[in-house]
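Input: a single structure, listed below in structure tokens.
The values are calculated or read from the model by the stated rules, or taken from the named source; none is laboratory data. Being a predicted model, the structure only gives us computed values, none of them experimental. Ideal geometry is used to build each Cβ from the backbone, glycine not excepted, and the neighbour counts take in all protein chains shown.
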Amino acid sequence: MTAELTGLSIAALRDGYAAKSFSPVEVVDAYIAALDAARDLNAYVATTPDRARADAKASEARIAAGTARPLEGIPLGIKDLFATEGVHTQAASHILDGFKPFYESTITARLFGDGATMLGKLNMDEFAMGSSNETSFYGPVVNPWRAGGGSSNAALVPGGSSGGSSAAVAANLCAGATATDTGGSIRQPAAFTGTVGIKPTYGRCSRWGVVAFASSLDQAGPITRTVRDAAIMLRSMAGFDPKDSTSADIAVPDYEAATGRGMKGKRIGIPKEYRVDGMPEEIEALWAKGRAMLQDAGAEIVDISLPHTKYALPAYYIVAPAEASSNLARYDGVRYGLRVPGRDVTSMYENTRAAGFGTEVKRRIMIGTYVLSAGYYDAYYLRAQKVRTLIKRDFETVFADGIDAILTPATPSSAFGVGEMSKASPIEMYLNDIFTVTANMAGLPAMAVPAGLDGKQLPLSLQLIGRPFDEETLFAAAQVIEDAAGSFSPTRWW
Amino acid sequence: MSVDTVTVKRVARLARIAVTDDEAEQLKSSLNGILAFVEQLNEVDVDGVEPMTSVQPMRLRRRKDEVSDGFMADKVTGNAPETEDGFFLVPKVVE
């Protein structure tokens, strides 16, 4: 029974609670046992079992009283990037050593206000900078998937930066998880673990209380086991927040209802620029399968062109580090976290930041500082922001021509091995985000949905990119793909 | 464009990150790899293109100029490594 409870979707938990088939306390207890048994995956950096049990008791009373809220008794994992009052919040970095905020992020406040509880904080790449969850101060997360249906013993990465979120959801260590996406950090880990992940339109979800990486690109979203669950979670997470100056004051629709809309009359664009050199045959075949699934559901498939696609990744590696170098200036050993003494105040700053930041974070701060420094601003930063305008214009053009959503592969490969990329150049790791980064640069909603397994029996996903604030079409299309392709879960070995 | 070790050390100083000579060498090589990668942006004709300032057309909202929050020095300094009487303590800055 215990294993069955942790395998239920958010929608099934909601229905089961309503029917009194089981209680939130039973569900939370089942998850706490599952967490204890899965320490080898390293998905959580802190757990909060007492709080989860107390919340479950309160939820039980509400359900009995008939006053259940939309996420009543749903146990979630929260990415370590979200400020949670009184609970470990370190962005998986050493520099935030011991930080426990006195405030709650808007998103977690909304989720808890809708009745959800928290099982703990999830591992991630340090400051969300990475594509494999190997840059965490707390060590790598291990993907619950293994090649050959579990017959291989080689540990795989769960993707990044939301690798704890994707691994925990895939391994049934939470019913759903919060995640964030600056260049693909929701969609790539979702793709590597056979889970569903959506990065909503920039401005949909409040950034208040989410540790900042690159403020013009950062967006939060859910990772879940089904499309419907992503719709349920996003509805609670999204919405206007006066505390975030770029939050959009636009009504949040019923995303769950949108999952049943179908594809009749929709025009789906297939961008030729996403057919990159050296793309594995399997990815190409998956993409063709996805086109057929949407076509069978009544969509019209249209070939389109997004000519500036190849420039999105290089432009991103100027814009994102530039914003990061500014955002991460606050970690100075004065206001929170680690302090390493020095002979004067400047050397205290320098020693603290040298000891507190990991290699990848330092590299990005350095690039960002360089491209913003005197004499280089125009050549790098200004040019990248102009290219960004052209990338956005590409999308505006196809949407103006009547395209409702765009279908692409989510990643150029399935999950790779832990340590496999350690000798590679940073650029090779950055190429993981080649299909996802364009949506961040243009601020568009985009979703990864599992669509099949590759020859190694590892999950592969497709990506849907939508018009601004039209997450509903993505949910409708993703549901069609999920219905046709089915769901994928790893064989338990841990 | 590429950077030399002197430039790496100057940028590290601007970023307030102490680096050893070995680290400076490693950073030099990875930074030059990234700078070579972003070089391809020079192929793009950006004449007359406005730089992006916001992905959505929006004007920053204004609020009334009034006190809406505050009087929580204990919380503000509650996570600091060293404090005294609601102030952050740092090494002596002015002699």
Could you count how many residues in the stretch B:36-50 are at the interface with another protein chain (Cβ under 8 Å from one of its Cβ atoms), hydrophobic (A, V, I, L, M, F, W, C) and not in a loop (DSSP other than H, G, I, E, B)?
-> 3
Return the pairs, sorted by first residue and then second, in which the second residue is part of a loop (DSSP other than H, G, I, E, B) and surrounded by fewer than 17 Cβ atoms within 10 Å (Cβ to Cβ), the first residue lies in the stretch A:93-109 and is within 14 Å of chain B (Cβ to nearest Cβ), the beta carbons are less than 7 Å apart, and the residues are 6+ apart or on different chains.
-> A:Lys100/A:Gly86; A:Pro101/A:Glu85; A:Phe102/A:Glu85; A:Phe102/B:Gly78; A:Tyr103/A:Glu85; A:Glu104/A:Glu85
Which residues, taken from the stretch A:209-240, are in a loop (DSSP other than H, G, I, E, B) and either crowded, with 24+ Cβ neighbours inside 10 Å or not hydroxyl-bearing (Ser, Thr, Tyr) (or both)?
-> A:Gly209, A:Val211, A:Ala212, A:Phe213, A:Ala214, A:Leu217, A:Asp218, A:Arg225, A:Ala238, A:Gly239, A:Phe240
Would you be able to say whether some residue in the stretch A:300-312 is farther than 30 Å from A:Gly269 by Cβ and part of a helix (DSSP H, G or I)?
-> no
Scope the stretch A:427-454; condition more than 20 Å from B:Leu35 (Cα to Cα) and within 11 Å of chain B (Cβ to nearest Cβ); matching residues | A:Ala439, A:Asn440, A:Ala442, A:Gly443, A:Leu444
Test: A:Ser136 is modelled with pLDDT of 95 or more and within 27 Å of A:Ala354 (Cα to Cα) = yes
Among the residues of the stretch A:141-161, write down those that are of a type in the set (Ser, Thr, Tyr) and either touching a Cys at 6+ places or on another chain (Cβ under 6 Å) or more than 19 Å from A:Cys174 (Cα to Cα) (or both).
-> A:Ser151, A:Ser152
Of all residues making up the stretch B:3-34, the number that are surrounded by fewer than 19 Cβ atoms within 10 Å (Cβ to Cβ), under 18 Å from the mean Cα position of the chain (by Cα) and touching a residue at least 24 places away in the same chain (Cβ under 8 Å) | 0
Counted residues, the stretch A:131-165 - those being assigned to a helix (DSSP H, G or I) and surrounded by 24 or more Cβ atoms within 10 Å (Cβ to Cβ) = 3
Restricting the search to the stretch A:378-420, which residues are among the hydroxyl-bearing types (Ser, Thr, Tyr) and within 14 Å of chain B (Cβ to nearest Cβ)?
-> A:Tyr380, A:Tyr381, A:Thr389
Considering only residues of the stretch A:388-425 that are farther than 14 Å from A:Gly160 by Cβ and of a type in the set (Val, Ile, Thr), which is surrounded by the fewest Cβ atoms within 10 Å (Cβ to Cβ)?
-> A:Thr397
Might you let me know whether the stretch B:51-66 holds any residue that is in contact with a Pro (Cβ under 7 Å, 6 or more places away or on another chain), surrounded by 12 or more Cβ atoms within 10 Å (Cβ to Cβ), at pLDDT below 95 and within 8 Å of another protein chain (Cβ to nearest Cβ)?
-> yes
Tell me which of these B:Ala24 doesn't satisfy, since it passes every other one: (1) farther than 24 Å from A:Met348 by Cβ; (2) not in a loop (DSSP other than H, G, I, E, B).
-> (1)
Quick one: in the stretch A:455-465, of everything that is away from every other protein chain (no Cβ under 14 Å) and surrounded by 22 or more Cβ atoms within 10 Å (Cβ to Cβ), which residue is farthest from the chain's Cα centre (by Cα)?
-> A:Leu458
Output the residues belonging to the stretch B:67-95 that are over 30 Å from A:Ser347 (Cβ atoms) and either surrounded by 10 or more Cβ atoms within 10 Å (Cβ to Cβ) or facing chain A (nearest Cβ under 8 Å) (or both).
-> B:Met72
Matching residues, the stretch A:376-413, being of a type in the set (D, E, K, R) and outside any helix (DSSP H, G or I) | A:Asp401, A:Asp404
Meets criteria (of a type in the set (Phe, Trp, Tyr), within 24 Å of the chain's Cα centre (by Cα) and under 18 Å from A:Pro140 (Cα atoms)) for A:Tyr44 = yes
Restricting attention to the stretch A:98-116, and to residues there that are touching a helix residue (DSSP H, G or I) at 6+ places or on another chain (Cβ under 7 Å) and crowded, with 17+ Cβ neighbours inside 10 Å, which single residue is farthest from A:Ala238 (Cα to Cα)?
-> A:Gly115
Among the residues of the stretch A:319-375, count how many are over 18 Å from B:Val11 (Cβ atoms), without any contact (Cβ under 8 Å) to a residue 12 or more places away in the chain, more than 7 Å from chain B (Cβ to nearest Cβ) and outside any loop (DSSP other than H, G, I, E, B).
-> 1
Go through the stretch A:241-262 residue by residue and tally those that are touching a residue at least 12 places away in the same chain (Cβ under 8 Å) and either surrounded by fewer than 23 Cβ atoms within 10 Å (Cβ to Cβ) or under 30 Å from A:Leu328 (Cβ atoms) (or both).
-> 15
Considering only the stretch A:179-200, how many residues are under 19 Å from A:Lys121 (Cα atoms), assigned to a helix (DSSP H, G or I) and not β-branched (Val, Ile, Thr)?
-> 2
